[in-house]
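Some notes on the structure that comes next.
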Amino acid sequence: MEASNPATQPIGALLLQRALINAKDIDKALAFQQKFKGRFGAILVRIGAISEDALLPVLAEQLNLSLLDNRELPAQPEMILNAIRMSGLAPAWFQDQRVLVWEGADGIIRCASRNPIDSNLQETLSSVYPSHKLSWSFARTQDVENSLKLIQPGSHGESHDEIAHLRELAEEAPVVELVNNLLSQATDDGASDIHLEPEERAFTVRYRIDGVLHTRMTLPRERFDAVASRIKLISGMDIAERRLPQDGRISTRASGIEMDIRVSCVPGVNGESIVMRLLPKERTDLDLNSMGMESDHLQQFTRWINEPHGILLVTGPTGSGKSTTLYAALDKANNRARKIITVEDPVEYKMSGITQIQTQSDIGYTFSRALRAILRQDPDIIMIGEIRDLETAEIAVQSALTGHMVLSTLHTNDSLSAFTRLLDMGVEPFLVASAVRAVQAQRLVRKLCDKCAIPAAPSQSFTEATERIKVRAPHLFQGKPGWRVAKGCQDCRGSGYRGRLGIYEFLEVTPHIQEAVMRHEPIAEMLKIAQQQGYRNLREDGLIKAWRGHTSTDEVLRVTGMGEGGEIL
C-alpha cells in the first residue's frame, strides 16, 4: 500500500507514525495549544515530548522545504551583514526573530529559520527585499544563533540582578523552549550529563556521551542568566543566590522519556557552572547478563549476591557504573522472598519491591543514622550507596557479621585497594577480613560503532599480552580474533564509538587473602596471592573485549592507563 503524502497530513500524525511521540503527547499538546495558542511542533518541544533535532526533519519533509545544517550556513559574517544592511532593518530585529539572511551567488536571498512558514516573517522580509526572490529553509535554532552571534557587537552588557526580572526571564517562552530542547536533545543523543559553562562573551553547552564530553552549542553570554534562572527555578533552587553552590532536582519528561534530573550549580569566575545528571525513571538496562561481565565473573558475582551474609564491594571512580551494577544486582536478588532496603544519597532509580531511603544530611539524617534505623526493619539485603566514613563502615561490618548481606561502593582505583581504604578509615583488620566476601572493580569503555569500525592487526605487545591471558583463561577465547579500530561515521557522530560496556576485575576473599589482610600485607603481596587464584585486572579484561572486537585497544588504554614503565600488562 502506498504511503500517504506527508504534505496532506498534520505534523502530529506524521510524528506518531514515526514513533517519535505517542498519543498522550498529542492530547497534552492540543490542550496546551487550545489554552495558550502557538504552533503544534513548537508546543511539543516546549512540553518535552520531542527534541528540535527530531522535529525539524519531519517538518521539512511535510512542507517540502530543505533543512540546512551549520555547514550550509554562511561562515563569513560579512555575507549576513550585507544582507541585513540591504534590508534596512536593525540587526536586533533579526536577532529577536531568530532568522538568518544572506545573498546567494545567484542573487536569491536565502532565509533560514526554525519557523520559516511564519506569515509575519515572510511578509516583512518580502517587503524589505522587493526586487529579490526569497528562498526559505529550516535551520536549527542553535545554528541560527551561532551565525547571528558572528555579527553581534563585542559588548555583552551587565547581568540582571533583580530577582523579579530573572523570574520574568525564566518564564519567557523562548527560554522555556530552549531549556526543554536541551533536555530532549541530550536524551536523543544518549547523554548522561549536560554541562553549561559560562565564559566572558559566550556560554557553552556540552553533553557527556559514552563518558566523553562533546560540545553541542555555543550561545551568546546575554542568554545565560535567563537559562540559568530557568534551570534554577524548575529545580527548586534560589534564583537570587549566585555566591554559594546549590543542588536541586527536576522531575520532567524529555523526548518522551520520564526523567529525574540532578542539578548542581557552582559559582565560577564568569558565572555559575551548571551540571545536570540525567536519570531515566525507567531503566531497561539493569540486567547483569548484558553489562559485559565475562562468564566466570558473572557466575562469581551472581553467587555472592545470593549469599546470606557478608559485604560485597563495587569500586571505581565517579561515572564508572557502580550504581548501575548494584541496581542490577538488587534486581537479580529481588525474588520477593527477601527484605531489601537501600540507603542512598540520592536515590537514583526507583525499584518496585525494594524499600529505598534517601539520606538528608542537612537535618542530620546521615548514612550511619539511617543504617541504625533500618537494622530494626528486619532486612535480608542492605545496599549502602557509598561507604564514606568510619562510622558507616563499622555499621556495615557489624551488619554483615550479624546475618545481613551488604552491598556497597567505595572510591578506589582497583579491587585490592579496597582493603587499604577500609583499614585507613580505622576498621580493625580482623573485622575487614571476616566481613568482606568479595570486591569488584570496574570501568566503562566505549563500544566500537558496528557501522564503521574496521578490522586492524594489533601491535605485537597486545598480541603477546593476550596470549598470556589465554593461558590462564582459555575458555574466554572462542573462535577467531576480531581486533578492530574506530573510524567514525554519521551514526556515531564521527567518534567511532557508540554505547558502552563494563570491564571488571573480581577478587574473591579466600582464606589466603584474609590472612594477608590481617597481617597488613602490602598490595603487591596480595596481588601475587590473587593471581594464583585466577585474578584478572581491568586492563586484561579490557583486552579480552578488544580481542573480540567489542572495543579498541586505544579505548582500553584510555580508560585503564599504561602499566608501570609503559608496559601493556
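The values are calculated or read from the model by the stated rules, or taken from the named source; none is laboratory data. Bear in mind the structure is a predicted one, so any value in this text is a computation, not a measurement. So basically every Cβ, Gly included, is an ideal-geometry build from the backbone, and we count neighbours across all protein chains shown. Quick note on the areas: whole protein, heavy atoms, side chains included, nothing else; ligands and nucleic acids left out. Shrake-Rupley method; radii C 1.70, N 1.55, O 1.52, S 1.80 Å.
Taking the Cα centre of the stretch 225-285 as origin, work out the dipole magnitude from +1 charges on Lys and Arg Cβ and -1 charges on Asp and Glu Cβ, in debye rounded to 20.
20 debye
Got a sec? Charge dipole of the stretch 37-154, +1 on Cβ for Lys and Arg, -1 for Asp and Glu; which of Cys111, Trp93, Asn64 is way out at the positive end?
Positive-most Cα among the choices belongs to Trp93.
With unit charges on the beta carbon (Lys/Arg positive, Asp/Glu negative), name the residue among Thr302, Gly41, Ile341 whose Cα is farthest towards the positive pole of the charge dipole of the chain.
Toward the positive end, the furthest listed residue is Thr302.
Treating the beta-carbon of each Lys and Arg as +1 and of each Asp and Glu as -1, no other charges, what is the dipole magnitude of the chain about its Cα centre, to the nearest 20 debye?
Magnitude of the dipole: close to 1060 debye.
Starting from the Cα of Glu72, step 7 Å along the direction of its Cβ; do the same at Ile454; then give the gap between the two resulting points in nm.
Inter-label distance under the simple model: 2.8 nm.
Return, in residue-number order, each cysteine of the chain whose C-beta is not under 4.7 Å from any other cysteine's C-beta.
Cys111, Cys265, each lacking another Cys Cβ under 4.7 Å.
From the backbone phi of the stretch 286-293, what are the Karplus-calculated ³J(HN,Hα) couplings (6.51 cos²θ - 1.76 cosθ + 1.60, θ = phi - 60°) in whole Hz, Gly and Pro given as x?
7, 10, 4, 5, 10, 9, x, 6
Just need the relative contact order of the stretch 319-455 here, percent rounded to a whole number, with Cα pairs under 8 Å and 6+ apart.
The normalised contact order for the stretch 319-455 reaches 22 percent.
Using a 1.4 Å probe on the protein heavy atoms, what percent of the accessible area of the stretch 182-313 belongs to carbon and sulfur?
Here it works out to 46 percent.
Calculate how steeply helix 23-36 sits against the longest principal axis of the alpha-carbon atoms of the chain, using the helix alpha-carbon long axis, and give the answer as 0 to 90 degrees to the nearest 10.
Result, in degrees: 40.
Please give the per residue accessible area of the stretch 109-253, computed with a probe of 1.4 Å over protein heavy atoms only, in Å².
Heavy-atom accessible area per residue stands at 43 Å².
From the protein chains alone at 1.4 Å, what is the descending order of accessible area for Thr342, Thr302, largest first?
From most exposed to least exposed: Thr302, Thr342.
Would you mind getting the accessible area per residue of the stretch 408-494, heavy atoms of the protein chains only, 1.4 Å probe, in Å²?
So the stretch 408-494 comes to 50 Å² accessible per residue, rounded to a whole number.
State, in angstrom, two size descriptors of the chain derived from its alpha carbons: Rg to one decimal place and Dmax to the nearest whole number.
When restricted to Cα atoms, the chain yields Rg and Dmax of 27.9, 90 Å.
Tell me, what % of the accessible area of the stretch 2-123 is carbon and sulfur with a 1.4 angstrom probe?
Using a 1.4 Å probe with all protein chains present, the stretch 2-123 comes out at 52 percent carbon and sulfur.
Once you have a ≥ b ≥ c as the square roots of the Cα gyration tensor eigenvalues for the stretch 185-263, tell me rounded if a/c is under 1.5, and otherwise prolate or oblate according to whether a/b is larger than b/c.
oblate
So how much slack lies between Asp424 and Glu525, counting 0.36 nm per residue of separation and subtracting their Cα-Cα distance, in nm?
Value of the extension gain: 34.6 nm.
Order these peptides, 72-78, 179-185, 480-486, by their mean beta-carbon neighbour count within 10 angstrom, highest first.
179-185, 480-486, 72-78
Would you kindly derive the ³J(HN,Hα) couplings of the stretch 446-460 from the backbone phi angles with the Karplus curve 6.51 cos²θ - 1.76 cosθ + 1.60 (θ = phi - 60°), listing them in order in whole Hz, with x for Gly and Pro?
6, 7, 5, 6, 5, 6, 10, 4, 10, x, 7, 7, x, 5, 4
In whole Hz, what ³J(HN,Hα) sequence does the stretch 424-430 give by Karplus (6.51, -1.76, 1.60; θ = phi - 60°), x for Gly and Pro?
5, 5, x, 6, 5, x, 5
Using the beta-carbon distance between Phe32 and Thr318 and R0 = 25 Å, what value does 1/(1 + (r/R0)^6) give for FRET efficiency, to the nearest 0.05?
0.05
Which cross-chain or sequence-distant (5 or more) residues have an amide H under 5 Å from the amide H of Val343, H modelled 1.01 Å from N in plane?
Here the answer is Ile357, Met383, Ile384, Gly385, since their amide H atoms fall under 5 Å of that of Val343.
How much net charge surrounds Gly353 when only the other residues with a Cβ under 14 Å from the Cβ of Gly353 are counted, with Lys and Arg +1 and Asp and Glu -1?
After counting each charged neighbour, the total is +3.
Return the calculated 222 nm mean residue ellipticity for the chain, to the nearest 500 deg cm²/dmol, obtained by summing -39500 (n - 2.57) across DSSP H runs with n ≥ 4 and dividing by the residue count.
-11500 deg cm²/dmol
Please compute the contact order of the stretch 454-569 in relative form: average sequence separation of alpha-carbon pairs under 8 Å and at least six residues apart, divided by the residue count, as a percent.
32 percent
Under 5 Å between amide H atoms, partner at least 5 residues away or on a different chain: which partners does His214 have, H built in plane at 1.01 Å?
Tyr207, Arg208, Ile209
Work out the charge dipole of the stretch 48-196 with +1 on the Cβ of Lys and Arg and -1 on the Cβ of Asp and Glu about the Cα centre, then indicate which of Ile84, Val175, Asn146 is farthest towards its positive end.
It is Ile84.
So if we plug the beta-carbon distance of Glu200 and Thr463 into 1/(1 + (r/R0)^6) with R0 = 45 Å, what FRET efficiency do we get, rounded to 0.05?
That gives a FRET efficiency of 0.35.
Keeping the other protein chains in place, figure out the carbon and sulfur percent of the accessible area of the stretch 342-431, with a 1.4 Å probe.
45 percent
Would you mind checking which residues have amide H under 5 Å from Val436's amide H? H placed 1.01 Å from N; only 5 or more apart, or other chain.
Those lying under 5 Å, H to H, from Val436 are Ile311.
What dipole magnitude, in Debye to the nearest 20, does the stretch 477-569 give about its Cα centre under +1 on Lys/Arg Cβ and -1 on Asp/Glu Cβ?
Roughly 660 debye for the stretch 477-569.
Between Val212 and Ala105, what length in nm is gained on full extension when 0.36 nm per residue of separation is reduced by their alpha carbon distance?
Length difference between fully extended and current span is 34.5 nm.
Students sometimes get this wrong: rank Glu168, Glu555 by accessible area, probe 1.4 Å, all chains present, largest first.
Final ranking, largest accessible area leading: Glu168, Glu555.
Would you please put 32-40, 135-143 in order of how densely packed they are, using the mean number of other Cβ atoms within 10 angstrom per residue and starting with the highest?
Going from most to least packed, we get 135-143, 32-40.
Could you work out the relative contact order of the chain? I mean the mean sequence separation of Cα pairs under 8 Å and 6+ apart, divided by the number of residues, in percent.
10 percent
Once a ≥ b ≥ c are taken as the square roots of the eigenvalues of the Cα gyration tensor of the stretch 189-233, is the result rounded (a/c under 1.5), prolate (a/b larger than b/c) or oblate (a/b not larger than b/c)?
Here the stretch 189-233 falls in the oblate category.
What distance in nm separates the two pseudo spin-label positions at Gln478 and His512, each 7 Å out from Cα along the beta-carbon direction?
Inter-label distance under the simple model: 2.9 nm.
If we sort 191-199, 541-549, 212-220 on the protection proxy, mean other Cβ atoms within 10 Å, highest first, what's the order?
541-549, 191-199, 212-220
Lys and Arg at +1, Asp and Glu at -1: add these up for the other residues within a Cβ distance under 10 Å of Pro220 and post the number.
Value of the local net charge: +2.
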